[in-house]
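The values are calculated or read from the model by the stated rules, or taken from the named source; none is laboratory data. All of these numbers come straight from a predicted model, not from anything done at the bench. Cβ: placed from backbone, ideal geometry, glycine included. Neighbour counts: every protein chain shown. Ligands, DNA and RNA are stripped out before the accessible areas are found, and what is left, the full protein with its side chains, is counted by its heavy atoms. Shrake-Rupley method; radii C 1.70, N 1.55, O 1.52, S 1.80 Å.
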Amino acid sequence: MRFEPTDKAVEVRAGSLIGEAAHEAGIDLNMPCGGQGRCGRCAVIIEDGTVRRRSSLRLSDEDIAKGYALACQTVIEGDAVVMVPPQEKIERRLTTDKTAAEVTVPFDYDPLRDQPLRAVYLEIEPPSLADQTDDWSRLQRALRREHNIDGVETDLPMLRRLGSILREADWRVTAVLEMDAYHRPDGPPRLVDVVPGNRTERLYGVAIDIGTTSNVVYLVDLLSGRVEVQRVDYNAQIARGEDVISRIIYAGKNDGLGELQSLVLKTLSKLLERVAKRARIETTDIYKATVSGNSTMLHLFLAVPPESIRLTPYITTVNQSPAVMAGELGLDINPNATVDCLPGVASYVGADITAGVVSSGMADTEKLTLFMDIGTNGETVLGTRDWLIACACSAGPAFEGAGVEHGMRATLGAIEEVWIHSDTFEPTYRVIGEREPKGICGSGLLSLLAELFVTGILDKSGDLQLDLDTPRIREGEHGDEYVVVWADETDTGGLASKHDIVITEVDIDNLLRAKAAIYAGYTVLAESVGVDPALVEQVLIGGAFGQYINIEKAIQIGLLPDMPWEQFHFLGNTSVRGSYMALLSRNVRQQISEAAGRMTYLELSADNTFYDQFTSALFLPHTDIAQFPSVEEILTNGRTETTEREKVCAA
Amino acid sequence: MTVEIPVEKWPGQVREITLGATADEGGTRSHTVTVGGETTLPFLHFEGEIPHPPVVGIEIASRRPDDWSPLLLETWSDVVDDPAAWAKAAEEAGADILLLTLSLEDSVDDATSAVRQVLEACDLPLIVFGPGQADKDNELIVPVAEEGAGERLVLGVCEEKNYRTIVAAALAHDHLVNSRTPMDVNLAKQLIILIHDMGLPLEQILMDPTTGALGYGIEYGYSVMERLRLAALQGDSMTQQPMLVTPGEEAWKAKEAKVGDDVPAEWGDWGERAINWETLTATSLIQSGADLVVLRHPETVQRVQKTIDALMAEAGEPELVAA
Amino acid sequence: MALSGLEIYKLLPRTNCGDCDFPTCLAFAMKLAAKQAELADCPYVTDEAKVELEAASQPPVRLITLSSNGHKVEAGNETVLFRHEKRFFHKCGLFVRVKDTDDLEAVKNVASEVDGFTVDYVGLDLELDGMAVEAASGDPDTFAECVEAVRSATEKPLILIGSDPDVLKAGVASLTAKASGTVPLLYGATPENWESMAALAKKADVPLGVRPGGGLEELAELTEQVKGAGVQNIVLDPAARDFAGTLTRMTQMRRLALKKNFRPLGYPIITFPGEGAEGPEEEVVLASQHIAKYGGFIVLDHFSQASAYPLLVFRENVFTDPQEPIQVEPGLYEINDPTPDSPVMITTNFSITYFSVANEVESAGVPGWLIVADAEGMSVLTAWAAGEFDADRIAKSVNATGVADKIDHQKLVIPGHVAVLSGELEEELPGWDILVGPREAVDLPAFLKLGNE
């Protein structure tokens, strides 16, 4: 089996898939659907040889005639030569000015009170013929005498290094101790590291959030509590599946699990190197990591098979994993550092949500609060300090720009907001980076959908009105569509290959389903405990996408409940914030566990009212317009053009 | 002991809708039929008004429907090839209204002439359904709407995937439409909203939530109709349309009604079983809120009408039965 | 009145200890509210809370059980007026009445016909529940003889009908003498005879039907009297017989029990549709009304297969749990007499899915083999996502049905929603061609006709 243009050859068993052979040959093929033959992105050209196509779902007859085949669905039956077209590179510009906001220390941080990690300077009496105490006991004695720290424990690898460190440092060292940890709250203290000289002026840990899409690392100075550096990057697993289901399926393939784990570790390593470099430290100077993420991400991070998450009755292997040593896991920080994965509640309500519920203050308020993570899994929590109930409502990745014809992530060139004139049906839009647009990101899609609806281009069921007098509404390749940007105004490729940026009826269906799932999840939660949804006092919106949402438009399409705007609070990435707070404080860490223990998970697939609520929400804004009085008002009386809108239109 | 009978105060009322038009109103019917207007659940006379009893229709076809059960074809054998004669026979069998189903094989002329003949042959208000394939329905129903202008026909079938053309035809010629959705409360309401948003007054829209036959999902249709009727009485305007269902068609699709041979012996006598199947399908839907049921067998029509009469009778003092 | 999950939660210890096997107290409270858990499973609930919760959880309609020889009919424990609100719990009992003035042989024949009547419906064996024997003769011996004749033909539960306690007593005696654990229903106590009837019921420890002389006031009064005489298990006669009258009365009774928690009417209802109908054709219709609208025990005067079958199916449909739609028996279904060259299709065992597919194929007049795979009663898409309808499961279903031996081709039509499985399926089912069918059942006829051409 030979791959062009790299001319890499590999020997595989007959019956292997081209995708497997490519992996063997070290060729990186994009498989956003996880190798299910759904997305068509792993198409290769068969130049020569015998293969059998199990499925060619995304390929046209013409493509097949040209020799195209899906690498994940094509079986090698003899020698073959395969051409790998250039792989779309994942855009690496995630951090916009919006995401890198200053992080404030969340509470009055006192490291001695809150932080279980300590760095203590020791000037140890060297041994002599008169004092024959062994090195380890000598260190323990110094800790006891100078710092009143008793009963410190260590392990063999530490002891193997101890003698030389002490002597090289001339018996003046800094001991890094973990006084206690969540899994052993009463100690005893554990010796994490011994380094030469006095290094007590600094002590670092990292807060990590492993998102399905992006991974975030905060480097935290544990003495001041401040976030020194934050970095974010796409989770390299994306190439093996865009959503958790695709990744679970991929993990079930030959060594897929190992591969996915090493991909996320690779992403984290890069991030860790970058934060360390920025802070002018070594990654081994990082002595602790708290990790948050959804249940699938944490399973993959720990290489625990996630298969059962996907299958009924949707059970994780572990919601609260035990602490592990970084070295054991291969996480690129001090090998003797504790890696503390925060606890989740269920397959689709993970540590990212428990962390979010605590960091947002929801776990400690008397107000009836709704917490929503508007992302692929649409996790929603309802409750107060006394009770919490959560669900996940598989909204799909439409609001993250995936599964939408010209959707893209919120990076440079993405349309992030749209306005449409109600008489001419002409759009105005704003592009991230103020340049020619490449596509539309989630917030842009949301605002586009709302504008299409309130201007009457879409009817309440989401159908485009073909009889309106504008060339922008037309029948396209994938059904009816609305042209947002004509080809020559875009940045969609070379001059010859520029294309119109459109939203198709398939896209609109996907977006409607996403918003309906999220709204339905919230109504079912309220119904399940017998609470009137109108009594909700505040809505906290987490998730990376959350911070860009225009509330007015989100209400117009029926994604968010129709409440006064001041009741909504956008919190950004509450998961990494929870991870950060847990890193700082054993108290917060305890609260997250308590919240997880208190949170009742409602499995929507076992709940028949969900389907009903979902169908009801699968309408603009909702089948029951009485739940959206402000939208009804707009539909009856027309909207008053806002000043902001006029300003933009004029511009 | 005093017992306080719980009486619900329903804020809502089912809309009154009139089918057909007399000469005075621009049509040719001898009388019109009005349905709806209820202010309580079916037949609970003690707490509200039921101004119009549910109405029974008979389904006839523009040409011999070969896929119908032999039992039906035999019953109507004298008229099954002639829509006008069939219409007359159905009127004599006691129908309050007629449903004329057009065929896939009909040309535009076939369809309009069938409608014309039926209108001339009988005095009842008329529902006309296309054969049930979007393109063909649109092709036939538009000229039918024109042919029947002034008659206040009910045109169908409007479904989510195909309602615009038929609604436009109804708007142009002042007809009614049948809004059909697949056994779901929300979908039923959504299509009413969409049709109404096209400009058709709510007084011209019947709601057809569809049903399964007895043994074939009737419980879904039954509960959906109960829920729709409760919503209507609770004041949800878009669910306040009178409900039309076609238990005849559904019941006679079921093997229990359709077939006499090669069925289990314990199913009993075919004729009686088939009539029971259609009757129970229809009467239970009437109990759950149907205002208009369309049937196929004349014997069922008799039984269902008798049941409606009995249910419309104000509950008197109970007759005491000696044990 | 029933409490919501949150209201119950506030009465629980709220320690989330997990000893009840639910992860949190709120989860347990929600299960309690849904009547899917027992309060006794919480070892730490306080006595005050227990009293409050138990009062709230008492069934508004008392459960009444008739039994004999291992057969059992239960009615009551209902909690809703409309089945979509939760579900109707206990299928009403269907009985057929004979009189002791009828010819004994004829009585025996009816009883054995009723006894032997079993009809298959989606894999379930549907049966009537028992016989009612009426003491029309007024003579204890004749009645006892008739009861014995019925008993000789069927072991199913009985309802003994009469107004003379002495006559009924003979019937009870002949029943209970033969087998212990036999619990018939005695019907019934009237304003005239209630004292002795209640005494008889109490002594024999059997439930008692009560029939007032007038409306609901009289009924409630009589019930309280009977209860006062020590009879706990009561069945109510709505004292109406016709369509409109029974609908009104029975609706009012269920509303009073549920919404007002009115105890004197918190019992199952017995009806006699034959007495309110003109002839057997109408009796079926009225009986079906009583099945849907709050009947507990329904006594028919006529039995025929052609009416019993639809009634039993209707009862099955009405009492289906709307939360758990019925599943179809997995296996191979033949539609329109398929031949070896007819197409083979596969779908899941969710009843609606099955019915829509089967109906479309059947009404299209196209012969076909339909394989129903065991997908835990889920629809195609849900089952696929949950891994209950994957290539492995489909292949197993195809092989288990042995359809390959009945056809002379190897083509399998899969639902359009699982088109992605076609590749894997060709591996799992070597030699088969996998054809991707339409996503919706309504498009099947067109698809199949296209295939034929």
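Within the stretch A:226-233, is there a residue that is outside any strand (DSSP E or B), farther than 30 Å from A:G396 by Cβ, touching a residue at least 24 places away in the same chain (Cβ under 8 Å) and not assigned by TED's automatic domain parsing to the domain that holds A:V588? Yes: the stretch A:226-233 contains one or more residues that are outside any strand (DSSP E or B), farther than 30 Å from A:G396 by Cβ, touching a residue at least 24 places away in the same chain (Cβ under 8 Å) and not assigned by TED's automatic domain parsing to the domain that holds A:V588. If you filter the stretch C:12-39 down to residues that are within 15 Å of C:P59 (Cβ to Cβ) and open to solvent by 50 Å² or more (accessible area, probe 1.4 Å), you find that the one that is farthest from the other protein chains (Cβ to nearest Cβ) is C:E38. The sole residue among B:P143, B:P125 that is touching a strand residue (DSSP E or B) at 6+ places or on another chain (Cβ under 6 Å) and more than 24 Å from C:S363 (Cβ to Cβ) is B:P125. Please work out if A:V529 is open to solvent by less than 50 Å² (accessible area, probe 1.4 Å), more than 25 Å from A:W419 (Cα to Cα) and away from chain C (no Cβ under 14 Å). So A:V529 does not fit the description; no.
Scoring A:V524 on the criteria (1) among the β-branched types (V, I, T); (2) open to solvent by 10 Å² or more (accessible area, probe 1.4 Å); (3) within 14 Å of chain C (Cβ to nearest Cβ) leaves a single failure, condition (2).
I want to confirm something. Restricting to the stretch C:329-371 and keeping residues that are in contact with an Asp or Glu (Cβ under 7 Å, 6 or more places away or on another chain) and in a loop (DSSP other than H, G, I, E, B), which single residue is farthest from C:L450 (Cα to Cα)? Ranking the candidates gives C:P330 first. Restricting C:K406, C:K396 to residues that are among the basic types (K, R), open to solvent by 20 Å² or more (accessible area, probe 1.4 Å) and more than 28 Å from A:T74 (Cα to Cα) narrows the list to C:K406.
Only one of the numbered conditions (1) within 14 Å of another protein chain (Cβ to nearest Cβ); (2) crowded, with 24+ Cβ neighbours inside 10 Å; (3) in contact with a Ser or Thr (Cβ under 9 Å, 6 or more places away or on another chain) is violated by A:P621, and that is (3). Taking the stretch C:44-63 as the range and being open to solvent by 80 Å² or more (accessible area, probe 1.4 Å) and in a loop (DSSP other than H, G, I, E, B) as the test, the residues that pass are C:Y44, C:Q58, C:R62. Take the residues in the stretch B:11-32 that are crowded, with 18+ Cβ neighbours inside 10 Å and of a type outside the set (D, E, K, R), then tell me which one is nearest to the other protein chains (Cβ to nearest Cβ). If we take residues in the stretch B:11-32 being crowded, with 18+ Cβ neighbours inside 10 Å and of a type outside the set (D, E, K, R), then B:G12 is nearest to the other protein chains (Cβ to nearest Cβ). Can A:A596 be described as within 19 Å of A:S321 (Cα to Cα) and buried (at least 19 other Cβ atoms within 10 Å of the Cβ)? Yes, satisfied.
Each row is one residue, and each column tells you yes or no for (1) in a helix (DSSP H, G or I); (2) at pLDDT below 95; (3) open to solvent by 20 Å² or more (accessible area, probe 1.4 Å).
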| position | (1), (2), (3) |
| --- | --- |
| C:G209 | no, no, no |
| C:G214 | no, yes, no |
| C:T251 | yes, no, no |
| C:R255 | yes, no, no |
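Scan the stretch B:191-221 for residues that are in contact (Cβ under 8 Å) with a residue 12 or more places away in the chain, open to solvent by 10 Å² or more (accessible area, probe 1.4 Å), assigned to a helix (DSSP H, G or I) and more than 14 Å from chain C (Cβ to nearest Cβ) and jot them down. Once the filter is applied, which keeps residues that are in contact (Cβ under 8 Å) with a residue 12 or more places away in the chain, open to solvent by 10 Å² or more (accessible area, probe 1.4 Å), assigned to a helix (DSSP H, G or I) and more than 14 Å from chain C (Cβ to nearest Cβ), the stretch B:191-221 yields B:I193, B:H196, B:L202, B:E203, B:Q204. If the requirement is being more than 9 Å from every other protein chain (Cβ to nearest Cβ), open to solvent by 20 Å² or more (accessible area, probe 1.4 Å) and not small (G, A, S), which of these qualifies: C:Q327, C:Q305? Exactly one of C:Q327, C:Q305 is more than 9 Å from every other protein chain (Cβ to nearest Cβ), open to solvent by 20 Å² or more (accessible area, probe 1.4 Å) and not small (G, A, S), namely C:Q327.
Within the stretch C:258-278, the set of residues being assigned to a helix (DSSP H, G or I) and either in contact with a strand residue (DSSP E or B) (Cβ under 7 Å, 6 or more places away or on another chain) or facing chain B (nearest Cβ under 10 Å) (or both) comprises C:L258, C:K259, C:P264, C:L265, C:P273, C:G274, C:E275, C:G276. Among all positions in the stretch A:2-18, there is no residue which is touching a residue at least 24 places away in the same chain (Cβ under 8 Å), hydroxyl-bearing (S, T, Y) and outside any loop (DSSP other than H, G, I, E, B).
Might you let me know whether the stretch B:281-299 holds any residue that is within 13 Å of chain C (Cβ to nearest Cβ), over 16 Å from the mean Cα position of the chain (by Cα) and more than 16 Å from B:S179 (Cβ to Cβ)? Yes: one or more hits. Residues of the stretch A:471-499 that are hydroxyl-bearing (S, T, Y) and surrounded by 14 or more Cβ atoms within 10 Å (Cβ to Cβ): A:Y482, A:T490, A:T492.
Against the conditions (1) within 8 Å of another protein chain (Cβ to nearest Cβ); (2) outside any loop (DSSP other than H, G, I, E, B), C:A287 satisfies every one except (1).
For first residues located in the stretch B:222-233 and modelled with pLDDT of 95 or more, partners that are surrounded by fewer than 22 Cβ atoms within 10 Å (Cβ to Cβ) and small (G, A, S) and lie 6+ apart or on another chain with Cβ distances below 6 Å form the pairs B:A232/B:G12; B:L233/B:G12.
Looking across B:T32, B:T22, one residue alone is among the hydroxyl-bearing types (S, T, Y) and either under 23 Å from B:M225 (Cα atoms) or touching a helix residue (DSSP H, G or I) at 6+ places or on another chain (Cβ under 8 Å) (or both). It is B:T32.
Take A:V576 and tell me if it is within 14 Å of another protein chain (Cβ to nearest Cβ), of a type outside the set (F, W, Y), open to solvent by less than 40 Å² (accessible area, probe 1.4 Å) and within 24 Å of A:T354 (Cα to Cα). So A:V576 does not fit the description; no. When C:T246 is tested against (1) modelled with pLDDT under 95; (2) in contact with a His (Cβ under 8 Å, 6 or more places away or on another chain), only condition (1) is not met. Set side by side, the residues C:L186, C:L160 differ, and just one is out of contact with any Lys or Arg (no Cβ under 8 Å at 6 or more places or on another chain) and either within 15 Å of C:I64 (Cα to Cα) or basic (K, R) (or both), which is C:L186. Selection within the stretch A:302-346: residues that are of a type in the set (D, E, K, R) and more than 26 Å from A:M599 (Cα to Cα). The member of this set that is least open to solvent (accessible area, probe 1.4 Å) is A:D332. Sort out which residues of the stretch B:251-274 are at the interface with chain C (Cβ under 9 Å from one of its Cβ atoms), assigned to a helix (DSSP H, G or I) and surrounded by 24 or more Cβ atoms within 10 Å (Cβ to Cβ), and write them in order of number. Passing the criteria: B:E256, B:A274.
Residues that are under 27 Å from A:R54 (Cα atoms), within 11 Å of another protein chain (Cβ to nearest Cβ) and of a type in the set (A, V, I, L, M) within the stretch C:355-407 comprise C:A375, C:M378, C:A383, C:A385, C:A386, C:A391, listed in sequence order.
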